[in-house]
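The values are calculated or read from the model by the stated rules, or taken from the named source; none is laboratory data. Please read these numbers as outputs of a predicted model, since none were measured by experiment. Neighbour counts are summed over all protein chains in view; Cβ atoms, including those assigned to glycine, are modelled from backbone coordinates with ideal geometry.
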Amino acid sequence: MSLPFTPTPRTRLVREADRAVYDRDAVYRILDEGFLCHVGFAVEGQPFVIPTSYGRKDDCLFIHGSAASRMLRQMKEGVPVCVTVTLLDGLVLARSIFNHSMNYRSVVVLGKATLVDDPAEKIEALRLLSEHIIPGRWADSRQPNERELKATSVLRVPIEEFSAKVRSGPVVDDEEDYSFPVWAGVVPLEMKVGEPIGDSRMDGGLAVPGYLKPYSRAR
Ligand SMILES: Cc1cc2nc3c(=O)[nH]c(=O)nc-3n(C[C@H](O)[C@H](O)[C@H](O)COP(=O)(O)OP(=O)(O)OC[C@H]3O[C@@H](n4cnc5c(N)ncnc54)[C@H](O)[C@@H]3O)c2cc1C
């Protein structure tokens, strides 16, 4: 069941407000289909927007990376962040240039990132990040050792202040443009999964694991 959610003045969509989605379940479906986000934060007045992967558990997003990276260093201090996730579904070719658009589902989360420093919680966050991207992979792989854990920072961002925007469906042109003689329509776009390529140094006889056959982001 969706929890009712009221946007704040910071997350209320201004333009095309009919495309706004503030429903938690719908937002989580978008977050669970994606695994790449852009994290925005400011350092001494300079905005940085860094692409990275994420995982979600309940009402939290988790991001990780080198303890030495600027992004993770800054966020350890509890810097406010803006996390954006975009799923691109199509190019919308209208008759007029002005009405060209894209079909998409996007989420913006505003919050304060905090460090996950409890060792058990850190391992669990890394596990769910891995499972978010390739379910089944964590248990198959060598687990992180002390050195690797020390070199990795994990941060949590609460999903408290958020919005989503969704555009789907056909071209919308101005009424007088429908007779303009040019092709109009939607070019669907989707992530294509290729055939897995085994590593050349893998010991022989290892089959492609079941969780890669087929790999899919559909949720
Ligand atoms: C793939 C893609 C392509 C786009 N191309 C364009 C473009 O070319 N030109 C253009 O003007 N807009 C484009 N948009 C829409 C753009 O993201 C903003 O929604 C738009 O600029 C209007 O923002 P606003 O003025 O309503 O809100 P703002 O005042 O900019 O933001 C207010 C709040 O609304 C929420 N919000 C705004 N946009 C989004 C969003 N996309 N998803 C989730 N929450 C959001 C946030 O919480 C934000 O804090 C594109 C979006 C996507 C996903």
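Some notes on this structure:
- Candidate set: the stretch 12-47, residues that are at pLDDT below 90 and β-branched (Val, Ile, Thr); chosen: the one farthest from residue 85 (Cα to Cα): 43
- Test: residue in the stretch 91-109 that is at pLDDT below 95 and among the β-branched types (Val, Ile, Thr): no
- Only residues that are surrounded by 12 or more Cβ atoms within 10 Å (Cβ to Cβ) and under 27 Å from residue 211 (Cα atoms) were counted in the stretch 127-152, giving 14.
- Test: residue in the stretch 162-179 that is more than 16 Å from the ligand (Cβ to nearest atom), within 24 Å of residue 94 (Cα to Cα), hydroxyl-bearing (Ser, Thr, Tyr) and in contact (Cβ under 8 Å) with a residue 24 or more places away in the chain: yes
This table checks each residue for (1) farther than 21 Å from residue 62 by Cβ; (2) assigned to a strand (DSSP E or B).
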{"residue": "144", "(1), (2)": "no, no"}
{"residue": "154", "(1), (2)": "no, yes"}
{"residue": "166", "(1), (2)": "yes, yes"}
{"residue": "169", "(1), (2)": "yes, no"}
{"residue": "180", "(1), (2)": "yes, no"}
{"residue": "197", "(1), (2)": "yes, no"}
{"residue": "208", "(1), (2)": "yes, no"}
{"residue": "216", "(1), (2)": "yes, no"}
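- Residue, nearest to residue 30 (Cα to Cα), within the stretch 179-218, restricted to residues that are among the aromatic types (Phe, Trp, Tyr) and surrounded by 11 or more Cβ atoms within 10 Å (Cβ to Cβ): 215
- For the stretch 12-25, the tally of residues that are of a type outside the set (A, V, I, L, M), near the ligand (Cβ under 7 Å from one of its atoms) and surrounded by 10 or more Cβ atoms within 10 Å (Cβ to Cβ) stands at 2.
- Qualifying residue in the stretch 2-11 (condition: surrounded by 11 or more Cβ atoms within 10 Å (Cβ to Cβ) and either away from the ligand (no atom under 16 Å from the Cβ) or at pLDDT 95 or above (or both)): yes
- Candidate set: the stretch 1-58, residues that are part of a strand (DSSP E or B) and among the hydroxyl-bearing types (Ser, Thr, Tyr); chosen: the one farthest from residue 193 (Cα to Cα): 52
- Single residue of the stretch 73-114 satisfying the filter (surrounded by fewer than 16 Cβ atoms within 10 Å (Cβ to Cβ) and within 23 Å of residue 173 (Cβ to Cβ)) that is farthest from the ligand (Cβ to nearest atom): 96
- Condition met for residue 68 (exposed (fewer than 14 other Cβ atoms within 10 Å of the Cβ) and either of a type in the set (A, V, I, L, M, F, W, C) or within 12 Å of the ligand (Cβ to nearest atom) (or both)): yes
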